[in-house]
Amino acid sequence: MALKARALYNFQSENKEEISIQENEELVIFSENSLDGWLQGQNSRGETGLFPASYVEILRSRSGSSYTDCSSSPAGSPRHDSSYTATPNPGISYQGSFEDDDDDDWDDWDDACTVVEEPRSAPGTNGHPSPNLQYPSTYGHHQHTGYRPKPALERQDSMSSSKRGSVVGRNLNRFSCFVRSGVEAFILGDVPLMSKIAEVYCIEMGSKGPQWRANPHPFICSVEDPTKQTKFKGIKSYISYKLTPSNINSPVYRRYKHFDWLYNRLLHKFTVISVPHLPEKQATGRFEEDFIEKRKRRLILWMDHMTSHPVLSQYEGFQHFLCCRDEKQWKLGKRRAEKDEMVGASFLLTIQIPTEHQDLQDVEDRVDTFKAFSKKMEDSVLQLTNVASELVRKHVGGFRKEFQKLGNAFQAISHSFYMDPPYSSDALNNAISHTGKTYETVGEMFAEQPNNDLFLMLDTLSLYQGLLSNFPDIIHLQKGAFAKVKESQRMSDEGRMDQEEADGIRKRCRVVGFALQAEMNHFHERRVADFKRMMQSYLKQQIIFYQRVSQQLEKTLRMYDNL
C-alpha cells in the first residue's frame, strides 16, 4: 500500500536504480518494508526508484498529527541509530540493517546480536535514547564475565529544597531532539551522577576559545587492500579492509558491517559531537570495482577524521575496533561498548570545562554566527557537489565524444587526400591522420581524469555534507539549554525557584555550551586543513593533466615541421 512520506535530507542518486530527493520534498513510498536499508518510491517529479530509508519520515495519521517512523532506518545513516524504532515492543531483539547479510553471524566475531537489546522508543539526538529508559541485558545475568555492577547513583540536585515543586517546565514536544537526547534531563539535574567516572574529556581555553584537549597519544590508521571473501561455501560474499593503526603497527581486518556497528556506538554515546558519516550504502553493484574503490577512498577520509578528533580517537570502543585481534576478546570488548553507561546525556558528565567565565549571551551570539556559517557552507558544498558531478559526467561522456568526433573528422580529411594519388602527400596525410588519433587519445584522457581529481574532491565534499548536517541538531541542544537557563532565572527572580537550583541549571548549561564551542573549533581546524589539501590536490592534478594534453599536441605538431 502506498504511503506518504517527507524527505529529511538531500540525497543525490548515483546510479540508474536510485532517484534524487530534496529535504522536505513530499514522496510516495510503495512499501514501508526496506531492502537492506533502502525504500522504493516516487519523488515529486514523478521519478521512481530507490533512496535510503533513513533519509525519509513516513507520515502516518495519529490523532490528526504526523510522526516519524524510524523502524526502517538502516544502521550507519545520519542522526539515527538502528538500535531503536518508534514502535514500543521491548520483547523483540532488533539486529540492525546491514547491506551485506542482515542475518549472518559476523564471521564468528559476534554472538547473534549486533546491539544490546533496548526498549523500543523514539531515538534521540544522534540516535540516543531518552535517559530514563531501562536497559534489559541481552547476555544473561550477573554470571556473565563482562558484567560490571552499576555504581551507586545520586541526583545532581538536592531534593531537600522547600520550593522543589516549582521546577522549570519540561518541553511539551517530547519528540524534540533536546528531549530525546536526554540533554533536557541533564540540564534540569535529572541525570544520575555516577559514584566513579572512569573516563574524562577535558576542554581547555585556546587562542580562539574553548577547544578539546589533544589526544596525548596521537595516531593515524591506514585503510587498504579491499578484498572479496566468501563464507558458507561461497553462498555469502563480502569485502574486508585491512586496517593498520600506527600506534601498534599490527593490521586487523574489518568488514563494512563492523564499521557500521562502531558508527552506531559513536552516535549512541557522543551527544554533542559531530560524528562523521560512513560512506553511503548502495542497493546494487556492491562488488563492482568502481564502487569498492570509491568506498575505500571515503573510508580513508572517515578514518582520518576519527583519528584526528581529540575525543573520538580516545573512545575505548574505537580503540577496541582498531586493535583487537583475538576472537574472545573481541566479543568481550564489544559487549562492554554496548553496555557502556556513559552514553547520551550521561556522556556530558565526563566533560570537564575551564573555570573561565563566559557570558551566556556572548556564547549564544557565537553559536548563532556559526549556525549561519554552517548553513551557508552546507548550501555551497551542495552547489559545488552538483557542479563537480556534472563535470564528471561531461568528462566521461560529452568531452570524450566530442574529441572522438573531432578525431574522426580529421581522419576523414586524411583519407580523402588519398583519393587523387598524383597530388597526394603521404607525410601530410599521415600527420593529419595522427592528429585525429591524438584527439581520440585526448578524449580518453578526459574520460579518465576524474579518477585523479574530481572524485577526490567529491569524496571530501561528501564527508563535509555529513558533518554539516549534524550541526542543526547539536545547536538545537544548546538552544534548548539556554532557554532553560532563562526560564529558571525568571522563576528565581519571581521567588518560585531557589537561586541555588537556578545556578545548577546555568552550570550544566555551561557544559553544553563549552562542548559545542570546542566542537565548532575542531570543525574549523579540520575544515582549513581539508579544503587546503583538497584544492592543492585538485590544482596539481589539473596542471599535470593539461601538461600531458600539451605534450600530446606538441608531439603531433612536430610532424608538420618537415613537410
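The values are calculated or read from the model by the stated rules, or taken from the named source; none is laboratory data. Note that the structure is predicted; figures quoted are calculated from it, not measured. Here the Cβ positions follow ideal geometry from the backbone for every residue, glycine too, while neighbour counts run over all protein chains shown. SASA here: full protein model, heavy atoms, side chains in, ligands and nucleic acids out. Shrake-Rupley method; radii C 1.70, N 1.55, O 1.52, S 1.80 Å.
Past the 25 Å Cα-Cα mark, which pairs from Lys294/Lys540; Lys228/Lys281; Lys339/Lys486?
Lys339/Lys486
Give the accessible surface of segment 447-490 per residue, rounded to a whole number of Å², with probe radius 1.4 Å and ligands, DNA and RNA excluded.
Accessible surface, normalised per residue, equals 30 Å².
Where does each of 261-273, 14-26, 409-421 land if you order them by average Cβ count within 10 Å, highest first?
Top of the packing list down: 261-273, 14-26, 409-421.
Would you mind getting the accessible area per residue of segment 212-352, heavy atoms of the protein chains only, 1.4 Å probe, in Å²?
Per-residue value: 39 Å².
Heavy-atom accessible area of Arg60 with all protein chains present, probe 1.4 Å, nearest 10 Å²?
It works out to around 60 Å².
Looking at the square roots a ≥ b ≥ c of the eigenvalues of the Cα gyration tensor of segment 221-276, which shape do they give, rounded for a/c under 1.5, prolate if a/b is larger than b/c, or oblate?
It comes out oblate by the Cα gyration axes.
Could you pull out the pairs from Lys371/Lys532; Lys334/Lys371; Lys296/Lys532 whose alpha carbons sit more than 24 Å apart here?
Lys334/Lys371
Which percent of the accessible area of segment 3-58 is formed by carbon and sulfur heavy atoms (probe 1.4 angstrom)?
Heavy-atom surface of segment 3-58 belonging to carbon and sulfur, 1.4 Å probe: 43 percent.
For segment 277-396, with all protein chains present and a 1.4 Å probe, just round the carbon and sulfur fraction of the accessible area to a whole percent.
49
For Phe270, list long-range residues whose amide hydrogen, built 1.01 Å from N in the peptide plane, is under 5 Å from its own amide hydrogen.
Those lying under 5 Å, H to H, from Phe270 are Gly344.
Among residues other than Gly46 whose Cβ falls under 14 Å from its Cβ, what is the net charge (Lys/Arg +1, Asp/Glu -1)?
Every neighbour counted, the sum reads -2.
Where does the charge balance sit around Lys532 when Lys and Arg score +1, Asp and Glu -1, over other residues with C-beta under 15 Å from its C-beta?
Computed value for this residue: +1.
Which value, in Å², gives the accessible area per residue of segment 3-58 when a 1.4 Å probe is used on the protein heavy atoms?
Normalised by residue count, the accessible surface of segment 3-58 is 48 Å².
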